[in-house]
Amino acid sequence: MKLYGMNLSNFVTKSKIAMYEKALDVELLPPPGGNKSPEYLAINPLGKIPTLDANGTIVAESEVINEYLEDKYPANPLLPRSPEARAKVRAFTRAHDLYFDPPLRALLGQMNPASRDAKVVTDKLADLTKIADVFEQMLPGDGYAAGADFTLADCALAPTMLFATNMLGAFGAKPILEGRPKLAAWWNHVQQRPSVKKALGEQMAAIATFQKTGTPS
C-alpha cells in the first residue's frame, strides 16, 4: 500500500498512527508533482492529502482512510464493539475535523506578526478555547480519549494537539492545557503510546525541517 502525503501534516499523521497500530506495510510518498499537479489530481481530484492507494483501491480523506483500515484489517481494533461506544469515538473524530483543526489551520496563516490580522487571531483563539473546553468535558479523566482503550479518537486528536501545544505561545495565548486537567492528563498519557510516539516524532522532525528550510516534508 502507498500513502500519499507528508510527515508535516497532522491529517497524514492521523492515518499513520492507525497504520502503526495495525502494523501495516505502507509506503509514504509525496504527491507526485505536488498536490495540484495533473498527475496527483488524477489520483485524488480534490488535491488533498492523505490519499491511500490500497493496491489499486484509492481512498481519500484521513477519517475515511482510518475507517477503511479498521474494516479491512480488524486485528488490533481501533473502534469498540458497541454502537454507543463507537458513537463516542466518532464524536471526538468529528469534533476534531470540524472544530479543532480549522481554527489552528487559520492561525498558521497568521504566524507573521507583520501581516497578522488581529481579529482573525482573536476569533480563532476563541474557537480553540471553546473546543478545548468541550474536550475537557468529554474526556473521561484517565486512560485514552474515549475510555480505557486506544481508538481512532486518539489517532485524530494527537497530531493536532502537537500543533496546539506548540503554536499558541506565538500569539500570546495561554497554553491550551492550562486549567484543563483531563486534557493535560490525556495528552501526557497518549504520548507514551508507541505508535503515537513514533508518528509524532516524525511529525516533529518535519516541523523542524520546515522551520529551518521552509520546505514541507
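Every read-out reported here was derived from the displayed coordinates using simple, explicitly stated rules and does not represent laboratory data. Every value quoted in this text rests on a predicted model; they were computed, and no experiment measured them. In this analysis, Cβ positions are derived from the backbone assuming ideal geometry, glycine residues included, and neighbour counts consider all displayed protein chains.
Here region 2-45 is treated as a Stokes sphere of Kirkwood radius computed over C-alpha pairs; at 10 °C and 1.306 mPa s its diffusion coefficient rounds to 143 µm²/s. Net charge near Pro159, counting Lys/Arg +1 and Asp/Glu -1 over other residues with Cβ under 11 Å of its Cβ? The answer is -1.
Ranking of Asp142, Asp101 by neighbouring Cβ atoms within 10 Å, starting from the fewest: Asp142, Asp101.
When DSSP beta bridges are limited to those with both residues in region 2-72, what percentage is antiparallel, rounded to the nearest 5? Beta bridges within region 2-72, antiparallel portion: roughly 70 percent. Listed options for Rg and Dmax of the Cα atoms in Å are (i) 16.0, 52; (ii) 17.2, 51; (iii) 18.5, 59. The value calculated from this structure is the one marked (ii). Note on the chain: GNM, Cα springs under 10 Å; of Thr13, Thr122, Thr160, the largest mean-square fluctuation is that of Thr122. Excluding same-chain neighbours fewer than eight residues apart, the lysines reachable from Lys119 by a Cα-Cα span under 17 Å are Lys130.
A Gaussian network model of the chain, with springs between Cα atoms under 10 Å, assigns the largest mean-square fluctuation among Asp149, Asp133, Asp25 to Asp25.
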